[in-house]
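Undergrad: Dumping the structure here so I can ask a few things about it.
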Amino acid sequence: MVLLMIKRFLNQYKEARKRRQMRIKGKKIEGPNTDFIVFPRPDGDVVFKIQAVLDMEPFDKLCPRPKPPVMIRPGGIRAEDVENPKHKAAIQEWVERRGYFIALQSIRVTEDLEWDTVDYSKPETWKNYQTELKSAGFSEFEVGRLINKVLETNGLDEDKMEQARSRFLAMQREQANGQDFQQEEQSNTQSGELVNGSTSNRQGSRI
């Protein structure tokens, strides 16, 4: 009896989890955006797999956003000094490390990828990944292509986002034009029926 109740509970729990999953037009969205980029080499193509970063919490724990110092204004008013040069430099470094984190986490899913001077748990080493790529023979252009693919996969490429918006708007216009055409056809059909009906009535009265 107890086992039956547990089994029933587990089935209900699974069904509840299914209902909580997001859907668009009835279709479940499964997993993060994933892509790949290939660099040809004489001894075999080099393939980087890229996956969108879903969780920035590890970065936030390793690199908390710098807080500006507090200054005392006339009248004893305490205020954050966001224009402080040291704070602005710290913010710049924080932004750069955020970019390094996204890039490294995105390509981390590449099979058997290893680094010599990059430690995922040490933010001060993250920028070394570009140096290692160049040391491995990747050109400045190839490194740029890899970074652009990372941005694109994570939805951070404005050109790709604009193209996606344009496609969506074009699709919306096509659907709207299709609906207008159908309504016009229905209207013309109804008008034609009314005209034919009135003509037959007039003809009938003449007989």
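Every read-out reported here was derived from the displayed coordinates using simple, explicitly stated rules and does not represent laboratory data. Note that the structure is predicted; figures quoted are calculated from it, not measured. Glycine also receives a Cβ, built like all others from the backbone with ideal geometry; neighbour counts cover every protein chain displayed.
Undergrad: Would you grab the residues whose amide H sits under 5 Å from the one on Asn33? Only those 5+ places off in sequence or on another chain, please, with H modelled 1.01 Å from N.
TA: The list, which skips near neighbours in sequence, is Ala52.
Undergrad: While we're looking at this one, here's another question. Count of lysine pairs in the stretch 33-162 with Cα atoms under 21 Å apart, counting only pairs 8 or more residues apart in sequence or on different chains?
TA: So the count of such lysine pairs works out to 16.
Undergrad: Please find the FRET efficiency linking Asp119 to Gln175, where r is the Cβ-Cβ separation and R0 is fixed at 41 Å, and quote it to the nearest 0.05.
TA: 0.20
Undergrad: Mind sorting Trp126, Trp94 by how few other Cβ atoms lie within 10 Å of their own Cβ, fewest first?
TA: So the residues, fewest neighbours to most, are Trp94, Trp126.
Undergrad: Explain nothing, just compute: Karplus ³J(HN,Hα) = 6.51 cos²θ - 1.76 cosθ + 1.60, θ = phi - 60°, for every residue of the stretch 145-151 in order, whole Hz, x for Gly and Pro.
TA: 4, 5, 5, 4, 5, 4, 4
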